Amino acid sequence: MNWLYEGKEITELEDFPENTFGFVYQITHLPTGKKYIGKKQLVYTQKKRIGKKEKKRIKEEKKLRGERAISPTFKYVKKESDWKSYVGSNDEIKQLLEEGSISDFKREILEFAHNKKQLSYLETKKLFTESVLERDEFLNSNI
């Protein structure tokens with residue numbers, strides 16, 4: 001089951017608009033009509049410890065460029081998230097998934113965001129405009 005955006009399947013990072021950081025989504029459990037609105041990042045930046053060999057290589061490269069040869073301890077690595085298989089972190093959705101199958105769900109992308117702050121804003125805005133805490137068809141339990 002792939003993500004849908006305006007009826008079109010999204011299967012790869014290349015299917016997203018340029019500079020997309022993440023998206024606001026709605027997951028619908030088709031048998032019950034229950035819905036959940038959330039957000040998902042496409043790529044994460046991880047802080048990773050640098051090994052001895054890489055430290056030495058970096059130090060040598062800096063010397064060749066005439067820079068101060070201080071070796072970094074960490075580097076930042078971008079890593080694709082689990083967005084392709086993601087179904088949500090909501091406990092009720094997880095329970096419904098255990099009781100049924102992935103084909104019982106529809107995954108829709110509602111909006112794209114270009115940075116972390118915009119992603120949080122768009123999700124919060126959608127949660128309030130849809131009144132998710134006041135409507136029984138939504139599984140969201142907090143904002």
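The values are calculated or read from the model by the stated rules, or taken from the named source; none is laboratory data. No experiment lies behind these values; they were computed from the predicted model shown. Cβ atoms come from the backbone with ideal geometry, glycine included; neighbour counts cover every protein chain shown. With ligands, DNA and RNA removed, areas are computed over all heavy atoms of the protein, side chains included. Shrake-Rupley method; radii C 1.70, N 1.55, O 1.52, S 1.80 Å.
Computed quantities for the displayed model
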{"quantity": "Calculated FRET efficiency for the pair ASN115/GLN95, C-beta based, R₀ 41 Å, to 0.05", "calculated": "0.80"}
{"quantity": "Accessible area, probe 1.4 Å, largest first, for residues ILE50, ILE143", "calculated": "ILE143, ILE50"}
{"quantity": "For ASP15, solvent-accessible area (1.4 Å; no DNA, RNA or ligand), Å²", "calculated": "50"}
{"quantity": "Candidates per trypsin sites (Lys or Arg not before Pro) in the range 51-143, loop by DSSP, up to 15 other Cβ within 10 Å", "calculated": "ARG68, LYS84, ARG135"}
{"quantity": "Modelled FRET efficiency - R0 35 Å, SER131 with ILE50, Cβ distances, 0.05 increments", "calculated": "0.10"}
{"quantity": "Solvent-accessible heavy-atom area per residue, rounded to whole Å², over the chain at 1.4 Å", "calculated": "67"}
{"quantity": "Qualifying GluC sites (Glu not before Pro) for the range 1-75 [loop in DSSP, other Cβ within 10 Å: at most 10]", "calculated": "GLU6, GLU12, GLU18, GLU67"}
{"quantity": "Antiparallel DSSP beta bridges within the chain, percent to nearest 5", "calculated": "90"}
{"quantity": "Label-point gap, in nm, between SER103 and GLU18 - each point 7 angstrom along Cα→Cβ", "calculated": "4.0"}
{"quantity": "Share of carbon and sulfur in the accessible heavy-atom surface of the chain [1.4 Å probe, %]", "calculated": "47"}
{"quantity": "D_trans [Stokes-Einstein, Kirkwood Rh over alpha-carbon pairs] for the chain, 4 °C, 1.567 mPa s, µm² s⁻¹", "calculated": "73"}
